[in-house]
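The values are calculated or read from the model by the stated rules, or taken from the named source; none is laboratory data. Since this is a predicted model, take the numbers as computed values, not measurements. Reconstructed Cβ throughout: ideal geometry from the backbone, glycine too, with neighbour counts over all protein chains shown.
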Amino acid sequence: MKNFTIYLVILIFLFVSKVLGQETFESQAKKIANKIEKITKEEKAALKEEVEAVNVQLSEGKITKEQADRRKKELAEARAVIMEEKITVAQNELNNLVQQKVDGKIKEKDSIKKHTLIIHWNDKNWNDSNRKRRDSIRGEKRTTSQFVFAMGLNNMMADGKLQDSNYKFMGSHFYEWGFTYNSRLMKNDNLLHAKYGLSLMYNNIRPTDNRSFVVNGDQTDLITNPVNLKESRFRNVYLVLPVHLEFDFTKPKENNGNTYFRTHKSFRFGVGGYAGINVKSKQILKFEEDDLKYKSTIKGEYNVNNFIYGLSSYIGYRELSLYMKYDLNPLFQDNLIKENNISLGLRFDFN
C-alpha cells in the first residue's frame, strides 16, 4: 500500500507538471514580444558603439566629416537590415502562434485550473483557499502596457479612388509591431484612455501587369519591366509614434465596497493618428531567365517622403480589433499623381 501511494504521488506530480507546463497564448506571445524587444535593444547598442568608434576617428582627424557621415549612414542601414531579418523570424513565430490560436491548438488558463481542481478534489483546505482566490478581484494600474501586432491588406488611394488596378489587392499587405502605454484619463471612470507608444510599420505594395518602379528625376514612375517578373514588391519601413483616444467599455468590478478597474475585457474602439520617419525603402524583383532564378533587392530613396503622418482607428473586442490607417501625406514627394497609403487589417493588443 505504501509503494502504491508513492507511485500515485509520482504520477500525479508528472501529470500536474505536464499540464502546468503547457504555455498559454498570452505567455507565448509575451515571450515573442520580449524577444523582439531584446533584438531591438541589442542592435541599437551595437550601432551606438559603432557610431562612437567613427566619432573617435573623426576627432583624431583620421577621416573627414563627409566620410564620417557616410560611414554612419552605412552602419545604420546595415544594422537595420540585420534587425529586420531577426525580427522577421520572430514575426513568423507570432504568425504561427496566432494561427494555432485560431485553430484551437493552444489551451487556455481555464483548462489548467480545471485539471488542477480534479487532482485536488479531496483536499478541502485547498478548495477553500482556491475559492477565496477566485472570489477576489484584482484591479489594474492606472497605466498599463501592451505589445501591439497588426497585419492586413495594403494599397494606395488617389483622388479618393482605390488604386487596385495598379497594385494587387490581395498581394499587397502591411505589418506593424510595437509597444504602447494605456493610461486611464479619469480617476473614477474607466471609459476614456490615452493610448500612445512606438511602432515599426512595414507597408508593401505589389504592382500589377509586370511593372516595377523606376526613378526618373524627381518622378517615380511605374513602368512595364522588360523581363517576366515572378514578383514585384515595393516596401517602405517607418518608425512612428501612434497616439489614440481609446473608449473601453469594460465594466468595473466591485468587491467589499471597493471598485476595481480593468481594461481590454470588453468592446473598445480608438481614434487617433501617427507621425514618424521613413527608415528604409527598397524594391524586390524576382524573375527567371535561362532556367536560372534571380532575386534583385534595390535599396534607395525612390523620392519617397522622409516623413509620414496619418489617421488611424480600430474597433474590436478584448485583444482583437479591426484596424484601419490612412497616410495624409503622399508616398512620393513630387509625383504628379498623389498616392496615399491606406491599410485595413487585424490588430492585437496583448496586455
**Complete:** The one condition Arg268 fails out of (1) crowded, with 18+ Cβ neighbours inside 10 Å; (2) part of a loop (DSSP other than H, G, I, E, B) is (2)
**Prompt:** Of (1) among the basic types (Lys, Arg); (2) surrounded by 14 or more Cβ atoms within 10 Å (Cβ to Cβ); (3) in a strand (DSSP E or B), Lys295 satisfies all except one. Which?
**Reply:** (2)
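Go through the residues of region 321-342 one by one and say whether even a single one is in a strand (DSSP E or B), in contact with a strand residue (DSSP E or B) (Cβ under 9 Å, 6 or more places away or on another chain) and more than 22 Å from Asp164 (Cα to Cα).
Going through region 321-342, the residues in a strand (DSSP E or B) turn out to be 321-327, 332, 340-342.
When the remaining residues are screened for being in contact with a strand residue (DSSP E or B) (Cβ under 9 Å, 6 or more places away or on another chain), the result is 321-327, 332, 340-342.
Next, only the ones that are more than 22 Å from Asp164 (Cα to Cα) stay: 321.
Yes; the residues of region 321-342 include at least one that is in a strand (DSSP E or B), in contact with a strand residue (DSSP E or B) (Cβ under 9 Å, 6 or more places away or on another chain) and more than 22 Å from Asp164 (Cα to Cα).
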**Request:** State whether the residues of region 133-144 include one that is modelled with pLDDT of 90 or more and within 26 Å of Pro242 (Cβ to Cβ).
**Result:** yes
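Limited to region 257-293, what total is found for residues that are of a type in the set (A, V, I, L, M) and free of Cβ contacts under 8 Å to residues at least 40 places away in the same chain? Don't jump to the end; show me each part of the working.
Residues of region 257-293 of a type in the set (A, V, I, L, M): 271, 275, 277, 279, 284-285, 292.
The next check asks that each one be free of Cβ contacts under 8 Å to residues at least 40 places away in the same chain; those that pass are 275, 277, 292.
Residues meeting the conditions: 3.
Under the condition of being farther than 30 Å from Glu84 by Cα and surrounded by 15 or more Cβ atoms within 10 Å (Cβ to Cβ), which residue from region 184-219 is modelled with the highest pLDDT? First the steps, then the outcome.
Within region 184-219, the first condition is being farther than 30 Å from Glu84 by Cα, and the residues that meet it are 184-193.
Next, only the ones that are surrounded by 15 or more Cβ atoms within 10 Å (Cβ to Cβ) stay: 184, 190, 193.
On the way: Arg184: 92, Asn190: 86, His193: 95.
The residue in question is His193.
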**Asked** Within the set of pairs 6+ apart or on separate chains, which have a first residue in region 238-254 that is not assigned by TED's automatic domain parsing to the domain that holds Tyr323, a second that is small (Gly, Ala, Ser) and part of a loop (DSSP other than H, G, I, E, B), and C-beta atoms under 9 Å apart?
**Response** none
